[in-house]
Amino acid sequence: MAAKGCEHFQTFKEEMSNMQNLEFIHSVFVVSTNSMYKQMRLCNAYCHTCKSRGPFIHVCLDCVFFGCIEHIRDHMKQKEHHLSLEIHYGQLHCSGCGDYIYDADFDSIAFKNRMQCHTFKKWLFECISWDPTDEERQLLTSRTKKVCITPETSIGLRGLINLGSTCFMNCIVQALMHTPLLRDYFLTEHHYCKWVHGACLVCAVSKLFQEFYNGEKAPLALHDLLHLTWTQAPHLCGHKQHDAHEFFMAALDLLHKHYSESMSQQNHNNTSKCPCIIHQIFTGGLQSDVVCQNCKGVSTTTDPTWDFALDLGSVTEGGRSPCSLMDCLESFTKAEHLGREKIMCENCGSKQESTKQLTIKTLPIVATFHLKRFSNSNADIKIATAISFPDMIDMSPFMSKRGNAGPFPSDNRYSLFAVINHSGNSANEGHYIAFVRQHYDYWYKCNDEIITCVNLKDVLASEGYILFYHKQVLAYD
């Protein structure tokens, strides 16, 4: 809430009649100082568009239109009105400022009205009591249904129609729709687009989040998303099967690009880190240490990464092929000899044989593990090795060693929330499905338009291809 009144309310106050009307509206619809006002509130305090009585009914101060939080927003935008009053808590909202506002003059009016209310306790002036009338009690008895989160709850679950070998896109969309922080960001409508209408992938994804979480159950067809992908990522054009991981990387790249170009240049340059939501959630840092075998000098570089690509063909330190996610990570972070080719060492000033080791410098909020089941040289070759993975993982053993660690240990634990699987013999054929976690403990199998409930055991027994883990404890710089 803004600490001071906005300029729109200052202009509003210049007309004495406006403040008189505001005082009357507050006394009737917020505190209901007498029985007649309570009757007026009961008859009028509902959304004039959808007829609902809450939550957060607002009344427009320009035309006395009542609307729920969704329809008051539409009304203020269409009519170009600015000020509304939320009638439960009595808070002023300015659509021009996009925030609730505070004003001392209005606060005095509100205090006066509350003190005149016969059900109001004067020594508890910060509380607003409610003495329901007989009519209100009758309404409550007929509206007792509670919204409960159960395995049958459909909010956030939507099937996706296969438009012709588009399962590679559908499964990634399901994973993104169930990424907690990404969901929270888009459902609060933080994105303000400066792109041409219909050309911004961020807008398309924002609209998709609204469609996923509006309570509807019918499957969706991602025509707009597919068209945007074809026009802005030409390597994914055509009606043939594509690699889900390739689409995931392209989607993150386009989301980052469109988000960055829609921001002001000043905001983008004032920080060394990209402020876009994609980088905030998915970007981690890989540290590469090259060690000279002559002088043991270390050359260190750090590069950003959106995922951890784990080789399934490397032999672990114990002399066996990896059979678990932990094995893959151990292989990924072990030191390897770079061969007989000598590299110039800046420390001793000569070309020497070296070793290289990758470790994780900074962890992302969402750690994505790409199990490299397809050969880089031949996409027709698939590695079907069974790789087990846990529902919770601690990434501490794979972090870079830091001498300036703080006094408190970091919490590097992650929990599984989505899994992409591929069935088939190559990246150019077969079928993709997704497992997603809903409401913390419920898991669902998303096979295009078909959504079925499964248990965690089924998920962990599946042949993982892309694994999505979310950090359990978030740290802030």
Probe 1.4 Å, all chains present, heavy atoms only: Lys240 accessible area in Å², nearest 10, is 130
Please say if the range 55-95 is rounded, prolate or oblate, where rounded means a/c under 1.5 for a ≥ b ≥ c the square roots of the C-alpha gyration tensor eigenvalues, and otherwise the choice is prolate for a/b larger than b/c and oblate otherwise?
-> prolate
Here are some pairs, Lys296/Lys372; Lys401/Lys471; Lys240/Lys457; Lys334/Lys457; Lys13/Lys77; Lys342/Lys372; which of them have Cα atoms lying more than 25 Å apart in this structure?
-> Lys296/Lys372; Lys240/Lys457; Lys334/Lys457; Lys342/Lys372
At a Förster radius of 56 Å, what calculated FRET efficiency corresponds to the Cβ-Cβ distance of Gln116 and Lys240, to the nearest 0.05?
-> 0.15
How much solvent-accessible surface does Glu135 expose, in Å² to the nearest 10, with a 1.4 Å probe and all protein chains in place?
-> 90
When every protein chain stays in place and a 1.4 Å probe is rolled, Lys13, Lys361, Lys351 sorted by accessible area with the largest first are Lys351, Lys361, Lys13
With all protein chains present and a 1.4 Å probe, how do Lys217, Lys79, Lys401, Lys334 order by accessible area, largest first?
-> Lys401, Lys217, Lys79, Lys334
Say R0 is 35 Å: what FRET efficiency, to the nearest 0.05, do Asp184 and Glu346 get from their beta-carbon distance?
-> 0.20
Report the extension gain between Lys217 and Glu429 in nm, rounded to one decimal, defined as 0.36 nm multiplied by the number of residues separating them, less their alpha carbon distance.
-> 73.4 nm
Could you work out how far apart the two model spin labels at Tyr89 and Ile161 are, taking each label as a point 7 Å from the Cα in the direction of the beta carbon, and quote it in nm?
-> 4.1
Per-peptide average of other Cβ atoms within 10 Å, ordering 54-64, 175-185 highest first = 175-185, 54-64
The aspartates and glutamates whose Cα lies under 12 Å from the Cα of Lys207, excluding any fewer than 8 residues away in the same chain, are Glu189, Asp224
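The values are calculated or read from the model by the stated rules, or taken from the named source; none is laboratory data. From a predicted model like this one, the values you see are computed outputs, not experimental measurements. No Cβ is skipped: glycine too gets one built from the backbone with ideal geometry, and neighbour counts run over all protein chains shown. Note: areas computed on protein heavy atoms with side chains; ligands, DNA, RNA excluded. Shrake-Rupley method; radii C 1.70, N 1.55, O 1.52, S 1.80 Å.
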